[in-house]
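What follows is calculated from the coordinates using simple rules that are stated; it is not laboratory data. Small disclaimer: the values here were computed from a predicted structure and weren't measured. Cβ: placed from backbone, ideal geometry, glycine included. Neighbour counts: every protein chain shown.
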Amino acid sequence: MSKVANKVAKVTIFFWIMKIIATTLGETAGDFISMTLGLGYYVGFAVTFAILAILLFFQIQSPKYLPALYWAAIIATTTAGTEVSDLMDRSLGLGYAVGSLILVAGLLSVLAIWYYRDRDLSVYPIVRKDAETTYWLAIVFSNSLGTAFGDFLTSNLGLSYIQGAFVTASVIGVVIALHYLTKLSDILLFWLAFIFTRPFGATFGDFLTKPVKDGGLSLPRDYASAIAFILLAVVLLFSTRKEKKMRHSVE
């Protein structure tokens, strides 16, 4: 009987580095689609979710973990998360606080369904299609929630982009400390870290592209997106090669 292959990335330090870069790319790419191209939030939402649906279809149908496809799907979830947050606030007029509460409810609902079905919320390894589908739904809600929270920090609380990044980095630091100093569930800590790495990357993306008068560096969104994409590709290539070497050394 052939062994069923794992479908998702292993959670390592490289995972978190790529997650943060991917969230920065998602922020700049999402703003590029809706603002720079002038498509607006409704069209931007439709475009990004169409791309996300296509990538997730191939990801879930794939018989094994393909690093490039997996991280393309992660980027798509962060880009879609940017559009969801902006759509809820600016087009629907809900505000980032209410939007965050709605997304929290959505994430908790997905995790509750996942746990009710499997009695387990482990994020690695994942081999079944139904588990992977729930995994990606949780990621979409998590990235959308992280975006809305980051925007809440800067838009509602009036923090600068650097201050917003510092706040979210501090939360991530607390999560890391809890991992090493307590016996709290690693699954709970994973989702907390996953959520808060999103606003950290998002506020950094805003810092790169927003006008100087607003506390940003005013880099063109397409340039910032290209830089983030190249960085992600380099880290992905390095981590993939290192993982292959480790597997070969074990064999």
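I want the local charge near ALA148. Using Cβ-Cβ distances under 10 Å, sum +1 for each Lys or Arg and -1 for each Asp or Glu among the other residues. Mind showing how you got there, number by number?
Details: positive: ARG198; negative: ASP86, ASP89, ASP151.
Summing Lys/Arg as +1 and Asp/Glu as -1 gives -2.
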**Q.** Residue-span extension gain [LEU189 to ALA5] - 0.36 nm each, minus C-alpha spacing
**A.** 63.7 nm
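First check a/c for the stretch 13-250, with a ≥ b ≥ c the square roots of the eigenvalues of its C-alpha gyration tensor; if it is under 1.5, answer rounded, and if not, answer prolate when a/b is larger than b/c or oblate otherwise. Please list the in-between numbers first.
Values: a/c = 1.38, a/b = 1.31, b/c = 1.06.
Because its axes are fairly even, with a/c under 1.5, the stretch 13-250 counts as rounded.
Mind putting a number on the dipole of the chain about its Cα centre? Charges go on the C-beta only, +1 for Lys and Arg and -1 for Asp and Glu, and I need it in Debye to the nearest 20.
Values: 20 positive and 16 negative charges, 190 e Å.
Roughly 920 debye, rounded to the nearest 20.
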Q: Give me the distance in nm between label points sitting 7 Å out from Cα along the Cα-to-Cβ direction at ILE54 and THR182, one decimal.
A: 4.3 nm
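How much net charge surrounds GLU83 when only the other residues with a Cβ under 13 Å from the Cβ of GLU83 are counted, with Lys and Arg +1 and Asp and Glu -1?
-4
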**Q.** Net charge contributed by nearby residues that have their C-beta within less than 13 Å of ILE113 (K/R +1, D/E -1)
**A.** -1
Q | Extension gain from ALA226 to ARG90, taking 0.36 nm per residue of separation minus the Cα-Cα distance | A | 46.3 nm
Q: Would you list which lysines come within 25 Å of LYS183, measuring only between C-alpha atoms, while excluding same-chain residues fewer than 8 positions from it?
A: LYS10, LYS19
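Taking R0 as 30 Å, what's the FRET efficiency between THR12 and ARG117 from their Cβ-Cβ distance, rounded to 0.05?
Values: r = 27 Å, r/R0 = 0.91.
Step by step, r from the Cβ atoms, then E = 0.65.
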**Q.** Rel. contact order, % - alpha carbon contacts under 8 angstrom, at least six apart, the stretch 13-250
**A.** 29 percent
